[in-house]
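> I have a structure I would like to understand better, so I am pasting it below and will then ask my questions one at a time.
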Amino acid sequence: MVRHLRIFLEAIKFEHTVFALPFAYIGMLLAAGGRPRWDQVFWITVAMVAARTLAMSMNRLADRDYDARNPRTANRPLPRGLLRPEALKGAVGISTLILVLAAWALHPLCAALLPVALVFLIGYHYTKRFTWLSHWILGFTDGLAPLGAWIALRGSFGTREDLPAWLLVAAVTLWIAGFDLIYACQDVDFDRREGLYSVPACFGVAAALRLARLSHLGMVILLGVLGAALRLGWPYWLGLGAVAALLVYEHRLVSPDDLSRVDIAFFNVNAYISVLLLAATWGGLLAGGGGMAGVR
């Protein structure tokens, strides 16, 4: 049983939950002025783990034929037969039920909007089959994490006071899209052969890396606007400066002629970025005392 669980967690890359979870916490902290209740922290965590398990299980199911033909992914548990499709289908069903429960526990509006989130969680896996915008669609799907946490605490998403949540959505969209563009460069030949619409396949690796840099520049600018709007304190700006430096380092690791260090850029650096931004935001709230007062 333990072995099967380990194989399942490896298949869905459970440890990569660290990419999106800190941004959900950032949305929660900003909405609560840095002081969320423990039950809110618990249910947001449950919702995030369930949503990512659902999304990654669907990803492995949707892409299993491609993964089997792609030399880079052919060693994954599902193509190798170490994991049955029924196990992933069961994970999709169970995760959906847990996500529904968490949404209801958090706020009625979260439950009402959940079908929209499910469309993205399930549908984004298929977008590379027909549009090169798939990188930004993936980013927006992850960007729903801080928005969902914000709605869970504030109960709204369409007023002027909800602007910080949308700045976070846009920032996460650009961040995820940027490093997904880098990651997709590894599969440029495979994507072209299979007729998949990634940016590297459609426009070349050099263009993809340029768009990744622009996306990450936009992310830093948006986070700067967020900090100014909420009058966050010095820890936030120190953290944002460190994030900008990490992004520069990430882009220096790869070039059109050398993609050998993509895994370092994708896994290590981005994990540091998300955790660092969470700590910086929390510190900025405590030091600045801004929070929602900055947009009222």
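> Does any residue of the stretch 195-205 turn out to be in contact (Cβ under 8 Å) with a residue 60 or more places away in the chain and among the hydroxyl-bearing types (Ser, Thr, Tyr)?
yes
> Can I ask one more? Testing Glu86 on (1) without any contact (Cβ under 8 Å) to a residue 24 or more places away in the chain; (2) more than 22 Å from the chain's Cα centre (by Cα); (3) within 30 Å of Val188 (Cβ to Cβ), one condition comes back false. Which one is that?
(3)
> I've got another one for you. All but one of (1) under 27 Å from Pro22 (Cα atoms); (2) in contact (Cβ under 8 Å) with a residue 40 or more places away in the chain hold for Pro115, so report the exception by its number.
With (1) under 27 Å from Pro22 (Cα atoms); (2) in contact (Cβ under 8 Å) with a residue 40 or more places away in the chain applied to Pro115, the lone miss is (2).
> To continue, here is another question. Right, Pro71: touching a Lys or Arg at 6+ places or on another chain (Cβ under 7 Å) and either at pLDDT below 95 or closer than 30 Å to Gln186 by Cβ (or both) or not?
no
> Please find, within the stretch 214-255, the residue that is surrounded by the fewest Cβ atoms within 10 Å (Cβ to Cβ) out of those that are of a type outside the set (A, V, I, L, M), more than 17 Å from His135 (Cβ to Cβ) and touching a Gly at 6+ places or on another chain (Cβ under 9 Å).
Looking at residues that are of a type outside the set (A, V, I, L, M), more than 17 Å from His135 (Cβ to Cβ) and touching a Gly at 6+ places or on another chain (Cβ under 9 Å), I get Trp234.
> Still on this model: Mind checking which residues of the stretch 119-136 are closer than 17 Å to Leu54 by Cα, among the aliphatic types (A, V, I, L, M) and surrounded by fewer than 17 Cβ atoms within 10 Å (Cβ to Cβ)?
Once the filter is applied, which keeps residues that are closer than 17 Å to Leu54 by Cα, among the aliphatic types (A, V, I, L, M) and surrounded by fewer than 17 Cβ atoms within 10 Å (Cβ to Cβ), the stretch 119-136 yields only Val119.
The values are calculated or read from the model by the stated rules, or taken from the named source; none is laboratory data. Values in this document were obtained by computation on a predicted structure and should not be read as measured data. A quick note on method: Cβ atoms are made from the backbone with ideal geometry, for glycine too, and the neighbour counts reach across all protein chains shown.
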